[in-house]
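Contents: one structure, followed by commentary.
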Amino acid sequence: MNTDERHRLIGGLLRSREEVTVDELMAACGASGATIRRDLDVLALHGVLRRVHGGAKSLVFGGENPAYGQRELEDHAAKARIAAGVAALLPDRGHLWLDSGTTATEIARQLRQREMTIMPMSLRAVTALSPDDAAAGRRPDILMPGGSLIPGELSFRGPMTESNIRSLRFDAAVITPCALNLKDGLLAHDLDDAAVKRAGLESAARVIVACAGSKWNASAVALVAPLDAVDTIVTDRQLSPEERDQLAQHSVEAVIV
C-alpha cells in the first residue's frame, strides 16, 4: 500500500470512527509504526485529524463539514475522471471561471497546459495551474479575483471577489457545488460561498457543473441556483431513467464519466 492509499484509508476510517490507534492502522495498512506515525503527522498538518497519544482523533465524526485536507482524500478517482470530462468540454483560447474546492483543483491540473484565460477561485487551483516544474510551452493566463482569503480552503470570498467576477464575461463557468438535488438545484454550505458561485455562473455564457456522486442529495443550506441555470453536469453518478428525464426537462445535458 503506497502513501496516498494509506492516507485515504486513514481518512475513511476517521469518517466513521471517533478515534483510531497506531496499532489498528498498522494492521489495516500493513505498515510499520514509524510509517503510520509519519502519516498521522502529515494528515494532522493538513487538517484531516488531530494527533493524540497512541493514535488520532477524527475532526468530522460529529457531523461537521470536513476540512479541505479530509475532502481531498475522498472520491479521488471519481474527481480525476470528472476533471478529465470537464477539460474535454472546454475549447482552447476561451475565458473560464473556475470554482473552488477539491474537484476544482483537479480540474485545474487538467488545464495547466491549455491555452486559455482562467479566473480560479482558490490559491490551490492557482498553484495547480502554474506548477514550479512546468515545462516550457502552452499554459493558461491567470486572472486573480481578489477579495478575502478563507484559511484552510485558501478560496476567495467577499464583495470585492463578487464585484471583480461580475465585471467580466466568461465563455464558461465550472461550478463545483457542495450538494445537488433535482428539486432545489445547486447548493453550498454557506451564504458567502453561494454568492461567489452565483456571481460566476451569472457571468458566463455556459455553465458546467462538476459533481461527484457523493454530493447528489447531500445536505447543504445555501441555494446557489436552480437547474434551469445549468447547461451540462459532469458526474460519476449512474443516473436512473427518471433522473435523466428530470434533467432533460431543464435542458441539462448529463455527461457520465
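Nothing in this text is a laboratory measurement; each read-out follows from the coordinates by a stated rule. As the structure is a prediction and not an experimental result, all values here were calculated from the model. FYI the Cβ positions are ideal-geometry reconstructions off the backbone, even for glycines, and counts take in every protein chain you see.
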Open item on the list: Calculate the FRET efficiency for Lys183 and Ala84 from the Cβ-Cβ distance with a Förster distance of 25 Å, rounded to the nearest 0.05.
Closed with: 0.30
Open item on the list: I need Met1, Met119 ordered by Cβ neighbour count within 10 Å, fewest first.
Closed with: Met1, Met119
- [ ] Highest first, please rank the peptides 176-183, 224-231, 120-127 by the mean number of other Cβ atoms sitting within 10 Å of their residues.
- [x] 120-127, 176-183, 224-231
Open item on the list: Using only alpha-carbon positions, what ratio does the radius of gyration of the chain give when scaled by 2.2 N^0.38 Å?
Closed with: 1.05
Task: Nearest 10 degrees, 0 to 90: helix 191-202 Cα axis against the chain principal axis - done: 40 degrees
Task: Cα-centred dipole magnitude for the chain, charges only on beta-carbon of K, R (+1) and D, E (-1), debye, nearest 20 - done: 380 debye
TODO: Please list the radius of gyration and Dmax for segment 3-64, considering alpha-carbon atoms only, with Å as the unit.
DONE: 10.2, 31
TODO: Please say if segment 169-257 is rounded, prolate or oblate, where rounded means a/c under 1.5 for a ≥ b ≥ c the square roots of the C-alpha gyration tensor eigenvalues, and otherwise the choice is prolate for a/b larger than b/c and oblate otherwise?
DONE: oblate
TODO: For the chain, build the charge dipole from Cβ charges (+1 Lys, Arg; -1 Asp, Glu) around the Cα centre, then report which of Trp216, Gly94, Gln238 sits farthest towards its positive end.
DONE: Gly94
